[in-house]
Amino acid sequence: MLKTLTLLATVLSLILFPVTKYQLLAHNGKPVPAKVITESSFDFSISRSELAEQHVQLYMLLLDKSLKPVYSKDKQISFQKDIRPLDYLNYWDKKQDERYYVLLTKAAYIVNTPVSFFTEKRLSDVNYIQETLPDYKVQSDNGKTFKIACGFMAPDFTYDLTFSSPDQDISPQIQELIAYTAGQDTELGTPKISVVQHNYDFSRVMMHKTNKMSVSVTNIYDYGNNQTLQVNYTLNYIHNLPPELLGGSEMLIGEIRKGIFEYVNTTRKYIRQM
């Protein structure tokens, strides 16, 4: 299950990693220590000074099955007003007797490549995705629906990709979803491209349910100077957390950060080598 939770929202470009001494290349070619700036509010403002230093702005919220905070003390956030709009397929309305833990993340970060790098063709290419997820098997017959095989002690799952750019016609549901997320960061203007990823059909592990679903929205902006700004929103509905004996919610948060950190480094290395 932990292995899956590190994957839920990382297949495209969600960056959520901890303060670390790991060295990244800044835009001027000099190494800088990777650092996460933990934000306490869902509506945090984009900080150009922090992003210029290759840092990542990160907000995380974990709610228990009664929608009480487990991780984060953000008292301003509302499940109905701020979180439900990301559930564009209305899983919450269809849950009947099921109850979920709710994990919400928002991250902002810069990638040192022009925004033109991020095209629908590339982001839906199986080979590109496989390069950024070398530990998992990725399959797709049509470039829209993908199957991820995670291996031992982690469930397989399926995800769909939907792309949107200013000149594309998309469904009203996707329009509202992208308008909601981009509307949180109006100072950035209109995204050059947005990517919506819906993860579902998580298999069981040792007869236990793992995840119900996750939705990830990545809005991609031209940041100038051959750089791209990405702002990612992810909503996860989770059936079970790790047992308290194994660290419970703290272990969950730690494992998610660790897995995403590894993914980000792999992706940035891949881009630098192209």
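Side notes on the structure shown:
- The residues neighbouring residue 41, those whose beta-carbon lies less than 12 Å from its own, together hold a net charge of -1 under the Lys/Arg +1, Asp/Glu -1 convention.
- Listed peptides 216-226, 235-245 appear in the order 216-226, 235-245 once ranked by packing, highest mean of other Cβ atoms within 10 Å at the front.
- Amide H partners (placed H, <5 Å) of residue 113, local residues excluded: 228
- With a cut-off of 15 Å between beta carbons, the residues surrounding residue 181 carry a summed charge of -2, where Lys and Arg count +1 and Asp and Glu -1.
- Taking amide H as placed 1.01 Å from N in the peptide plane, residue 211 has its amide H under 5 Å from the amide H of 239, each at least 5 places away in sequence or on another chain.
- Residues of segment 172-211 with amide N under 15 Å of the 7 Å Cα→Cβ point at residue 94: 173-174, 198-202
- Karplus 3J(HN,Hα) series, Hz, for segment 179-187 with 6.51 cos²θ - 1.76 cosθ + 1.60 (x for Gly, Pro): 4, 5, 5, 5, x, 6, 10, 4, 5
Each reported figure results from applying straightforward, stated rules to the coordinates on display, with no laboratory input. In this text, all values refer to a predicted model and were calculated from it rather than measured experimentally. Because the Cβ atoms are built from the backbone with ideal geometry, glycine has one as well, and the counts that use them run over all protein chains shown.
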